[in-house]
Amino acid sequence: MSQKTLTENAQAGAVEAPSDASSGKRWWILAVIALAQLMVVLDATIVNIALPSAQADLGFSDGNRQWIVTAYALAFASLLLLGGRIADLFGRKTAFLIGVVGFAGVSALGGAATNFEMLVTARALQGAFGALLAPAALSLLNTTFTDAKERAKAFSVYGAIAGAGGAVGLLLGGILTDALDWRWTLYVNVVIAVVAFAGGWILLHNHRDAENAKLDVPGTVLVAAGLFSLVYGFSNAETHDWGSPLTWGFLIAGGVLLAAFSWWQTKAAHPLLPLRILLDRNRAASFLAVLISGGGMFGVFLFLTYYLQLNLGFSPTKTGLAFLPMVAALMVTAQVGTTKLVPRLGPKAVIPLGFGIAAVGMAWLTGIGVGSSYSSAVLPQLIVVGLGLGLVMPPAMQLATGGVAAEDAGVASATVNAMQQVGGSIGTALLNTLAASAATDYLAGKDPSNKLVQAQATIESYTTAFWWSAGLFAVGTLIAFLLYRRGVPEQDPDAAPVVHM
């Protein structure tokens, strides 16, 4: 069934057709949504570079330092599905604007922090408001762009931001920390939020596609507790070992709670995550693609940041600039992949190709050494990784939310964000553990006080992480090839396009 016919049918069914979906405003809406999404994604990494300065200023311990990052991840991941359902139930514009204002307010609180407790509380609240803002933004994008070609272009922009935002966060964090103060890595959100709020207030219209449904309270509790336990367990693997009850205990609890949540969704009258969202083959494959790419990307951002600063002596600003070629490459293939390749070849050809290219780039990065140069041992490899990820994340995000009924747009969008966040948490924990073990194994029987030996041990830890990231992307290649259906995906004729917001 054609897009035109679908639109006519929707209008014939007495569905109001507001101007947003048919006017030039939608490209301004894309700019507002992209800005809000950038703010959320930035905060996953922007504070990382500023942590040493914040620690020196506020005087908290090395053991507490990880909680500045973990508090955000825990709140964000565990509340995402709730945030997505709230957007469906109470209106996406309302959720978007509250998310923007709340995120800005608690960012200002964090920037003004006078102690560790104040800062970590602000970071947790950032995660909570981000869990409301991110799915509202993605569902607004999904319901604004219903024309196939325009939707592909919009998702190429959104997916590029989601994929490259971590690198941009490193750059912006370095610049703000060097030029101003670590507190500006949080204050900058207020500036971004003012523009996003003004644009959202003027351009967006509110609509509640699931207004007759009710909030699934038991499902909300189960999934929030399950995701919290899962992310917390993997976070503990970084500071404890895998044999610690704080690691395996929370991981098991998370698995049990998520299994209970899945069972409950088959019984609930108004399920938080209707299983129909997960049963589409291409959509399920896309969720897994986002999960895997989120985990593997941390092999680039985290360990390459260490290498550039600690081994090559790059400043925070220079480190951020070093990632820009990867961002540029990702944006190029994001545009080509979503607007040209997937519509012609289908995801079964494009997304496995992207994973394969990213795997080659990560494997190539394992050639770094103590005396390597950025131009030969890092730059070409980063570009290759960026080219590959640009063919994975934007198309996968588009397919994960495409064809979803209007009343499920928010929760489907939240699931995409949850996959990326949980993937990042799993990837960080696994790669940190493997890297630390590699360094320890290398130092066995050697003189640890020798600086050259120490330097080589760190190189072993980085290259181990890169090899495992390459392996993760290789697994992604296989899974994507096996799961995605052949041919070019078509819009579900049962899911009428949303011509209102």
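The values are calculated or read from the model by the stated rules, or taken from the named source; none is laboratory data. Just so we're clear, the structure is a prediction, and the values are computed from it rather than from any experiment. No Cβ is skipped: glycine too gets one built from the backbone with ideal geometry, and neighbour counts run over all protein chains shown. Areas reflect the complete protein model, heavy atoms only, side chains present, ligands, DNA and RNA absent. Shrake-Rupley method; radii C 1.70, N 1.55, O 1.52, S 1.80 Å.
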- How large is the helix-only mean residue ellipticity at 222 nm for the chain, computed as the sum of -39500 (n - 2.57) over DSSP H runs with n ≥ 4, divided by its residue count, in deg cm²/dmol to the nearest 500? -26000 deg cm²/dmol
- Set of lysines near K267 by C-alpha distance (under 22 Å), chain-local residues within fewer than 8 positions excluded: K214
- With every protein chain left in place, what is the accessible area of M118 in Å² (1.4 Å probe, nearest 10)? 60 Å²
- Item | Probe 1.4 Å, accessible area per residue of the chain, Å² | 38 Å²
- Query: Relative to the present Cα-Cα distance, how much length would full extension add between S372 and N115 at 0.36 nm per residue of separation?
  - Reply: 88.5 nm
- Task: Compute the convex hull volume of the Cα atoms of the stretch 217-313, divide it by the residue count, and report the result per residue in Å³ as a whole number.
- Result: 115 Å³
- Task: Treating the Cα atoms of the stretch 272-409 as identical point scatterers in vacuum, please give the log10 of the normalised Debye intensity I(q)/I(0) at q = 0.21 Å⁻¹, two decimals.
- Result: -1.16
- Query: Scanning the chain for trypsin sites (Lys or Arg not before Pro) in DSSP loops with at most 11 other Cβ atoms within 10 Å, what's the longest stretch left with none?
  - Reply: 268-485
- Within the stretch 425-448, backbone nitrogen closer than 16 Å to the virtual label 7 Å beyond the Cα of H240 toward Cβ: 429-430, 433
- Hey, for a label at W248 modelled as a point 7 Å past Cα toward Cβ, could you say which residues of the stretch 422-439 have their backbone N under 16 Å away? none
- Message: Can you give the log10 of the normalised intensity I(q)/I(0) at q = 0.14, 0.18, 0.24 Å⁻¹, computed with Debye over equal Cα scatterers of the stretch 376-480?
- Response: -0.74, -1.00, -1.29
- Over what distance in Å are the Cα centres of the stretch 339-362 and the stretch 410-461 separated? 26 Å
- Hey, got the dipole for the chain? About the Cα centre, +1 on K and R Cβ, -1 on D and E Cβ, debye to the nearest 20? 800 debye
- Query: Can you give the extra length, in nm with one decimal, that the chain gains between A328 and V475 once fully stretched, where that is 0.36 nm per residue apart less the Cα-Cα distance?
  - Reply: 50.4 nm
- In terms of the alpha carbon gyration tensor, root eigenvalues a ≥ b ≥ c, rounded if a/c is under 1.5 and otherwise prolate when a/b exceeds b/c or oblate, the stretch 261-343 is oblate
- Ranked from the most accessible area to the least, with a 1.4 Å probe and all protein chains present, what is the order of M331, M362? M331, M362
- Item | Length gained when the stretch L345-N450 is fully extended (0.36 nm per residue, less Cα-Cα span) | 32.4 nm
- Just the number, please: carbon plus sulfur as a percent of the accessible area of the chain, 1.4 Å probe, no ligands or DNA/RNA counted. 67 percent
- Message: Just to be sure I understand: if I project the alpha-carbon convex hull of the chain onto a plane and average over all orientations, what area do I get in nm²?
- Response: 22.1 nm²
